[in-house]
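Enquirer: Before we start, here is the structure in question, set down as C-alpha cells.
Any read-out appearing in this document is the output of simple, stated calculations on the displayed coordinates, not a laboratory observation. Values in this document were obtained by computation on a predicted structure and should not be read as measured data. Cβ placement follows ideal geometry from the backbone for every residue including glycine, while neighbour counts extend to all protein chains displayed.
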Amino acid sequence: MELREIAPHVFAALVPDRGWSWSNAGFVARGDGLMVDTFMDVRRTREALGLLADAGAAKPARLVNTHHNVDHCWGNQLFRGAEIIAHRRAAEAMAKDMRPELLAALVDAKDASPGLAWFANDLRGHFDFSEIEVTLPNHLIDGDVELELGATHARLLSVGPAHTAGDVIVHLPEDDVVFAGDVIFRNCTPLGWEGTFAGWIAALERILALAPAVIVPGHGPLCGPEGARELRDYFVYVKAEARSCHERGLSLEDAAAAIELGPYARWNQPERLVFNLARAYRELEGRSPDEPLPATELLDLAVKVRPRLRR
C-alpha cells in the first residue's frame with residue numbers, strides 16, 4: 001500500500017490491482033477529517049490509518065462508503081461510534097451482503113467450482129476475515145450532500161445505479177479531486193451487478209463534467225478525466241457488441257468468443273467481460289436491473305473463456 005498526497009492534506013491509499021478485491025481508499029485530513037471507503041479487511045484498513053498517522057494526520061472522525069461491496073466496507077468497525085455515511089440503498093445492500101465467515105469458508109474450500117476457485121485464489125493469504133465485525137453506516141443519504149471540512153468542503157454526489165444501486169462519489173471542488181469508488185476501474189476490467197449501461201455511462205459523464213485534475217478510482221492507479229472517458233468508451237463498445245450478439249442469438253459464451261476486445265484485452269482480468277455481457281443481455285431482454293446475476297455460473301464461464309481473451 002502507498003499513501004500518496006494528491007492535494008494539500010488530501011491522500012489516496014493505493015493498492016496495486018491484483019484481481020478481485022484489491023481496492024483503493026482515500027483521506028481528507030482537514031477539519032475533523034474524512035476517510036473515503038475502508039478495505040476488504042480490518043488489517044488493511046488499519047495499515048492505511050497507520051500510514052496516515054505517519055504522515056502527521058489524525059484519524060478521521062467521519063467515513064463515507066462509496067457503495068456496498070465488501071472490499072470497500074469491511075474495515076468499517078475501526079470507525080464504530082463515528083459517523084459512517086452511505087447512500088440508503090448501499091446500506092440496505094450491506095445488511096444483506098455475504099458474511100465474513102462464509103467468504104473465509106470459500107477461501108479454504110477444497111472442492112470449489114473453477115470460477116469460485118479463481119475468485120478465492122485472489123484472496124487467499126492476503127486478507128484476514130477472522131476479526132471482521134460487519135459495521136453498517138449510521139448516516140444514510142438519498143441525494144447529494146455537502147460536508148464541511150475545516151475551511152473547505154466535500155460534495156457527496158449520488159450517481160447510482162451505476163456500478164451498484166447506491167453509488168456515491170466524493171468531489172473536492174477546491175482541489176479538483178474526485179474519489180470515484182467503483183464507478184471507475186482503471187486499467188482493470190469493470191463489472192457491475194445492478195443498474196444499466198446508461199446509468200453507469202451517465203455517472204461517468206457526471207464525473208467528466210466536474211473536470212477533475214485527479215481521480216482516485218476504486219481499483220487501479222490514479223488518473224485524470226481520461227480514466228472516465230476510457231471506461232465510458234468501453235461500456236459503449238461492449239453494449240453495442242452485446243446488442244449485435246444478442247440479435248444473432250448468440251449465447252453468453254459464444255458472444256464472449258465473438259467479441260474482439262482490442263486495447264481492452266490489456267486490462268487486468270478481461271474475462272470479466274462475461275459479467276458485462278450478462279448485464280447487457282438482462283437489459284436487452286427487458287428484465288429488471290435489480291434482478292440478480294448468476295455469480296457462480298458467470299465466474300465459471302469467465303474461467304472457461306479466459307484463455308482466448310488473455311491471448
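Enquirer: If only Cα atoms are counted, what is the Rg of the stretch 71-152, and what is its Dmax, in Å?
Expert: 16.3, 55
Enquirer: While we're on this one: Helix 114-123 sits at what angle to the longest principal axis of the chain, using alpha carbons and giving 0 to 90 degrees rounded to 10?
Expert: That works out to roughly 20 degrees.
Enquirer: Now for a different question. Can you tell me the orientation of helix 295-309 relative to the chain, as the angle in degrees between its alpha-carbon axis and the longest Cα principal axis, to the nearest 10?
Expert: Relative to the chain, helix 295-309 is tipped by roughly 70 degrees.
Enquirer: I'd like the FRET efficiency for Asn121 and Met98, computed as 1/(1 + (r/R0)^6) with the beta carbon distance as r and R0 of 22 Å, rounded to 0.05. Working shown, then result.
Expert: On the way: r = 17 Å, r/R0 = 0.78.
Result of the calculation: an efficiency of 0.80.
Enquirer: I'd like the Karplus ³J(HN,Hα) series for the stretch 42-50: coefficients 6.51, -1.76, 1.60, θ = phi - 60°, whole numbers in Hz, and an x wherever there's a Gly or Pro.
Expert: So the Karplus estimates, Gly and Pro as x, are 6, 4, 5, 5, 5, 4, 5, 5, x Hz.
Enquirer: Full-extension gain between Glu83 and Glu285, please, as 0.36 nm times their residue separation minus the C-alpha to C-alpha distance. List each step's numbers first, then the result.
Expert: On the way: separation 202, 0.36 × 202 = 72.72 nm, distance 4.11 nm.
Full extension from Glu83 to Glu285 adds 68.6 nm.
Enquirer: How large is ³J(HN,Hα), in whole Hz, for each residue of the stretch 101-109 in order, when computed from phi with the Karplus curve 6.51 cos²θ - 1.76 cosθ + 1.60 and θ = phi - 60°, using x for Gly and Pro?
Expert: 5, 6, 5, 4, 5, 5, 4, 8, 5
Enquirer: Given only helices, namely DSSP H runs of n ≥ 4 each adding -39500 (n - 2.57), what is the per-residue ellipticity at 222 nm of the chain, to the nearest 500 deg cm²/dmol?
Expert: Helix contribution divided over all residues of the chain: -11500 deg cm²/dmol.
Enquirer: With a 10 Å cut-off between alpha carbons and a GNM built on the chain, which of Ala209, Ala48, Ala13 moves the most?
Expert: In the Gaussian network model the winner is Ala209.
Enquirer: Need the full-extension length gain, Tyr237 to Arg308, defined as separation in residues times 0.36 nm minus the C-alpha distance. One decimal, nm.
Expert: Taking Tyr237 through Arg308 to full extension adds about 23.7 nm, to one decimal.
Enquirer: Okay, next question. What whole-number value in cubic angstrom gives the convex hull volume per residue for the C-alpha atoms of the stretch 134-215?
Expert: It is 119 Å³ per residue.
Enquirer: A further question on this structure: I need to check one value: relative contact order of the chain, counting alpha carbon pairs closer than 8 Å and at least 6 residues apart, in percent.
Expert: Numbers: 645 pairs, mean separation 49.8, N = 311.
So the answer I get is 16 percent.
Enquirer: When the chain is fully extended, how far beyond the present Cα-Cα distance does Glu174 get from Ala105, taking 0.36 nm per residue of separation? Please report the intermediate quantities before stating the final value.
Expert: On the way: separation 69, 0.36 × 69 = 24.84 nm, distance 4.53 nm.
That pair, Glu174 and Ala105, stretches by 20.3 nm at full extension.
Enquirer: Check Ile184: other-chain or 5+ apart residues with amide H under 5 Å from its amide H, H built from backbone geometry?
Expert: Here the answer is Gly218, since their amide H atoms fall under 5 Å of that of Ile184.
Enquirer: I need the semi-axes of the equivalent ellipsoid of the chain: take the C-alpha gyration tensor, multiply each eigenvalue by 5, square-root it, list largest first in whole angstrom.
Expert: They are 31, 22, 17 Å, listed largest first.
Enquirer: Further question on the same structure: Based on Cβ point charges of +1 for Lys and Arg and -1 for Asp and Glu, what charge dipole magnitude is obtained for the chain about its Cα centre, in debye rounded to the nearest 20? Please report the intermediate quantities before stating the final value.
Expert: Details: 33 positive and 45 negative charges, 117 e Å.
Magnitude of the dipole: close to 560 debye.
Enquirer: Next up: What are the residues whose amide H is under 5 Å from the amide H of Cys73, where those residues sit 5 or more places off or on another chain and H is modelled from the backbone?
Expert: The list, which skips near neighbours in sequence, is Thr38.
Enquirer: Would you mind checking the stretch 105-140 for residues with the amide N under 16 Å from a putative spin-label position 7 Å along Cα→C-beta of Met1?
Expert: 126-133
Enquirer: Continuing with the same structure: Across the stretch 6-15, in residue order, what do the Karplus-derived ³J(HN,Hα) couplings come to in whole Hz, using 6.51 cos²θ - 1.76 cosθ + 1.60 with θ = phi - 60° and x for Gly and Pro?
Expert: Per-residue couplings from phi come out as 9, 7, x, 6, 10, 10, 10, 9, 10, 10 Hz.
Enquirer: If you count the DSSP beta bridges with both ends in the stretch 159-263, what percent of them are antiparallel, to the nearest 5?
Expert: Approximately 45 percent, going by the DSSP bridge assignments.
Enquirer: Counting only DSSP beta bridges with both residues in the chain, what percent are antiparallel, rounded to the nearest 5?
Expert: Here the share of antiparallel DSSP bridges comes out near 60 percent.
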